Amino acid sequence: MRVFPWGFWLLCVASAPARGDSGSKARSCAEVRQLYGAKGFSLSGVPQAEISGEHLRICPQGYTCCTSEMEENFANKSRSEFEAMMKEAGRSVQATLTAQHRSFDSYFQDLLNKSEKALYDAFPSMYGELYTQNVKVFKDLYSELRRYYRSSNINLEEALNEFWTRLLERLFKLLNPQYHITDEYLDCMVKHAEQHKPFGEVPRDLKMKATRAFIAARSYAQGFLVGSDVVKKVSQVSLSHECTRAIMKLMYCPHCRGMSSVKPCNNYCLNVVKGCLANQADLSTEWKYLMDSLIGVADRIDGPYNVDTVIGTIHMRIAEAISNLQENKDSITSKVFQGCGNPKISTKGTSSEDKRRRGKVTLEAKSSAQVLEMLVLDAKGNLTALKTYWITLPSSLCSKKVMSSSASDDKCWNGMTKGSYLPEVMGDGLANQINNPEVEVDITKPDMTIRQQIMQLKIMTNRLGNANNGNDVDFQDTSDDMSGSGSGDSCPDDVCGKRLSKNPSTRQPETHAIPKQSGHGVNGASSRSLPSASLLLLLSVAVTAALHSWR
């Protein structure tokens, strides 16, 4: 006669809804009402006390303070808040990279400006008409150097060769005013210039050193901009539907369950965020390569390529070249006449003395090597700190933004109730999310916007690698290379996720189809669902039979 009450008690337990605490009285929803109102929602229809939660689609279906409308509003809120967290984290990285670019760009432009100004200040008194009648040649040189640095499609070696050719033609005529020198004669002279070396070794030496310095400088400056642009575009990628549900469950379901003061378990938060940012984590390898490449070029700029000395003394090297021509004028003229013949005597009067150097002016270059050294040191420190940005982003968001509990806390929100979180933390990247217990991730469908940005990182790293070796590359502004990729804000996830990019620079990674994993139901909690009522019914029957047999 004592068997029936035991079975009856088990059936009652099975059919009773779960509560957030051990009390039987419905708890007040005052805290949730206050939170809901603070988020800007109307309190009309918000329960005063807990209600049954069978209507919930994301949160556990126990007693709850949230209606269906509240759950939907909280889900949308959690999505916008998490995306704002991502953009805020991205803005911090963008600010760092942009500041580094601005500092170096300002230093480099100032270096070039000072060299140009020193030339304009000193050359009139040094060379008289040799300079004043050829001002445009010098201005054009500095203009071309700036255009090259700003990533215009200019061949720097050709620009330097053109400068020396134009300068030689002009100066040769000015130094030999007694002759009538035609354009055809100048063409002949230029053909023999390499052999005669009228400017000495300056053109060859300057071309080699300036080319390496400019290639490194513009690749270095552009690398910061590309890195910043990648972060900006990736930070604008929208969350998937599955991720939105997981973030809602992480951030607002404890409030619906009357556990507003309970923090999310740290490992639970990590699995949610790693699942949501699986594609972003795949940037990590190429991102680290970019940071390392920038550090490598920074060492070159402040080391072997000696940017400060090379760029800051361009005017001095030009003066040296002109002096070589003046000092060897008779010898060079004789060799030109031997190769091209004697030009006709000019009928105009000669006044070559005024065109010679009027007096010796000392040219100086104020070194800013210490400034460059400090810039490079600061940049290397920041770049080193940013290497692990993408793979440390989940832990950073969980600890600083979501405010998850400590790793040892066993009384935290685990997605169902207050307690410990047992599943292991997933690895980083898309491929490691196949068994993520919190977010359903289709690892066969990588986000195309992010894949495009991975390609941009590869392209920029390759350019920096060439610059590190002193090799020039085709270089155009990459900020709009992927302008058609979009940020994902303009279309739903289920549409954007299926849209394939047709950009030829995008290389879709090799993937293998993997069957969808079960255990990700509508409520998102089936991997840790409570025993069903029918299971407990069978259990009660078994217990009844066992007790009857024991008796």
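The values are calculated or read from the model by the stated rules, or taken from the named source; none is laboratory data. Computed from a predicted structure; not experimentally measured. Counting neighbours? That spans all protein chains shown, and the Cβs are built from the backbone with ideal geometry, glycine included. In case anyone asks, the SASA skips ligands and DNA or RNA and just uses the protein heavy atoms, side chains included. Shrake-Rupley method; radii C 1.70, N 1.55, O 1.52, S 1.80 Å.
Take the residues of the stretch 276-319 that are under 19 Å from the mean Cα position of the chain (by Cα) and of a type in the set (F, W, Y): which is nearest to F123 (Cα to Cα)? Within the stretch 276-319, the match that is nearest to F123 (Cα to Cα) is Y289.
Is at least one residue of the stretch 202-215 touching a residue at least 60 places away in the same chain (Cβ under 8 Å), within 23 Å of D110 (Cβ to Cβ), in contact with a His (Cβ under 9 Å, 6 or more places away or on another chain) and assigned by the TED database to the domain that holds A321? Checked the stretch 202-215: no residue is touching a residue at least 60 places away in the same chain (Cβ under 8 Å), within 23 Å of D110 (Cβ to Cβ), in contact with a His (Cβ under 9 Å, 6 or more places away or on another chain) and assigned by the TED database to the domain that holds A321.
Put simply, of G45, G62 the only residue that is within 23 Å of C243 (Cα to Cα) and at pLDDT below 95 is G62. Would you say A193 is closer than 24 Å to R102 by Cβ and not hydroxyl-bearing (S, T, Y)? Answer is no for this residue. In a residue-by-residue description of the stretch 239-254, the property of being under 20 Å from Q452 (Cα atoms) and in contact (Cβ under 8 Å) with a residue 60 or more places away in the chain applies to at least one position. Within the stretch 282-340, if we keep just the residues that are among the acidic types (D, E) and outside any helix (DSSP H, G or I), the residue that is surrounded by the fewest Cβ atoms within 10 Å (Cβ to Cβ) turns out to be D302. Does at least one position in the stretch 167-190 carry a residue that is within 30 Å of D105 (Cα to Cα) and open to solvent by less than 20 Å² (accessible area, probe 1.4 Å)? Yes. Hey, among the residues in the stretch 238-261 that are in a loop (DSSP other than H, G, I, E, B) and open to solvent by 20 Å² or more (accessible area, probe 1.4 Å), which one's nearest to N436 (Cα to Cα)? For the stretch 238-261, the residue satisfying everything is S240.
When each of K458, K411 is tested for being at pLDDT below 95 and surrounded by fewer than 17 Cβ atoms within 10 Å (Cβ to Cβ), the lone residue that passes is K411. Residues in the stretch 391-405 include at least one that is touching a residue at least 24 places away in the same chain (Cβ under 8 Å) and farther than 30 Å from R57 by Cα. Of the helices (runs of 4 or more DSSP H) that lie entirely inside the stretch 45-159, those containing 2 or more residues that are more than 25 Å from A216 (Cα to Cα) and open to solvent by 50 Å² or more (accessible area, probe 1.4 Å) span 68-127.
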